[in-house]
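The values are calculated or read from the model by the stated rules, or taken from the named source; none is laboratory data. Quantities reported herein were computed from a predicted structural model and do not represent experimental measurements. Cβ placement follows ideal geometry from the backbone for every residue including glycine, while neighbour counts extend to all protein chains displayed. Only protein heavy atoms, including side chains, enter the accessible area calculation; ligands, DNA and RNA are left aside. Shrake-Rupley method; radii C 1.70, N 1.55, O 1.52, S 1.80 Å.
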Amino acid sequence: MKTTISFDQFLHPYEDENIELLFLPSPQFPESNGTVVYIHGFCNFGAWDMLFMAQHLVRQGYNVILPSQCGFGYSNGPRDYYGPKTISGIVDGLKEVIEEKELNSHRIAVYGLSRGASVAALLAMRHPHFFKAAIFQAGAYDLRKYYEWNGKDEGINKNIEKEAGLSDEAFRERSAIFEAEKISCPVLILHGAEDDNIPPSLAVEFAEKLKKFGKDCTLHLVPGGGHQISGPELRREHMFPFLEEKL
């Protein structure tokens, strides 16, 4: 059966700028299996680049909220490499969507890809009351180690330097590994075992840190997978079962 996908756009005022969020309701809305906050990686279109994957979540009965990080999509203002402005702006926007759509605030998960995975990890740690489950895919959880790793495209370091700066404070406030003990929800970490953009070692170290603090954490390294891991098998065997169980 074909499902018609519809969405609402929110432009939430944040400081002197806007944070964009798209809301896609489940076909049974206002009933749903829960809500997934799905955060994009590096892509100029921001939330709009995630509509294809969001449709899979909608067809599974989830509402989906797609934020655009600062400087992406219709979120204006300078990019800050998932810094405090991005985190605070998204949280502010989420509050508006949750209130306006009267969503069940006890059944919300956060799911991020690449740069978005790092955002999702920081959101789950600094605003644990928001999220019942979290999926981090292909993220960098220690920004200084990522900056110092020579395997990636050199343009990424230029972005870090321009958007975040190189101070100890800038690296630390963007590195989820230093706040692992604050996570309270179950976590699924997905990463390609052959990722040549963000090293799998960062995912392994983060998972080990979470487990050290007794957190409910599952790490799946996709054999042969690069930075872009996706497809029906990953959704069917890992993402959907995790969301179904935890939400």
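Restricting 77, 93, 73 to those that are under 26 Å from residue 228 (Cβ atoms), not in a strand (DSSP E or B) and not hydrophobic (A, V, I, L, M, F, W, C) reduces the list to 73. The one condition from (1) open to solvent by 70 Å² or more (accessible area, probe 1.4 Å); (2) within 16 Å of the chain's Cα centre (by Cα) that residue 29 does not meet is (2). Taken together, the residues in region 145-178 that are farther than 28 Å from residue 234 by Cβ and either in contact with a Ser or Thr (Cβ under 9 Å, 6 or more places away or on another chain) or part of a loop (DSSP other than H, G, I, E, B) (or both) amount to 5. On the basis of being touching a helix residue (DSSP H, G or I) at 6+ places or on another chain (Cβ under 9 Å), hydrophobic (A, V, I, L, M, F, W, C), in contact (Cβ under 8 Å) with a residue 12 or more places away in the chain and surrounded by fewer than 18 Cβ atoms within 10 Å (Cβ to Cβ), does residue 166 make the cut? Considered against the rule, which asks whether it is touching a helix residue (DSSP H, G or I) at 6+ places or on another chain (Cβ under 9 Å), hydrophobic (A, V, I, L, M, F, W, C), in contact (Cβ under 8 Å) with a residue 12 or more places away in the chain and surrounded by fewer than 18 Cβ atoms within 10 Å (Cβ to Cβ), residue 166 comes out as yes. Return a yes/no flag: does region 109-118 have any residue that is among the hydrophobic types (A, V, I, L, M, F, W, C) and assigned to a helix (DSSP H, G or I). Checking region 109-118: at least one residue is among the hydrophobic types (A, V, I, L, M, F, W, C) and assigned to a helix (DSSP H, G or I).
Of all the residues in region 198-247, those that are crowded, with 20+ Cβ neighbours inside 10 Å, among the hydrophobic types (A, V, I, L, M, F, W, C) and within 17 Å of residue 114 (Cα to Cα) number 8. Among the residues of region 155-169, not a single one is of a type in the set (Asp, Glu), at pLDDT below 95 and at negative phi.
Does region 129-144 include one or more residues that are part of a loop (DSSP other than H, G, I, E, B) and at pLDDT below 95? No: region 129-144 contains no residue that is part of a loop (DSSP other than H, G, I, E, B) and at pLDDT below 95.
Among the residues of region 48-61 satisfying the criterion of being open to solvent by 10 Å² or more (accessible area, probe 1.4 Å) and more than 14 Å from the chain's Cα centre (by Cα), which is farthest from residue 9 (Cα to Cα)? Out of the qualifying residues, it is 60.
Matching residues to (1) on the phi < 0 side of the Ramachandran plot; (2) in contact with a Cys (Cβ under 7 Å, 6 or more places away or on another chain); (3) exposed (fewer than 15 other Cβ atoms within 10 Å of the Cβ):
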{"residue": "13", "(1), (2), (3)": "yes, no, yes"}
{"residue": "25", "(1), (2), (3)": "yes, no, no"}
{"residue": "89", "(1), (2), (3)": "yes, yes, no"}
{"residue": "93", "(1), (2), (3)": "yes, no, no"}
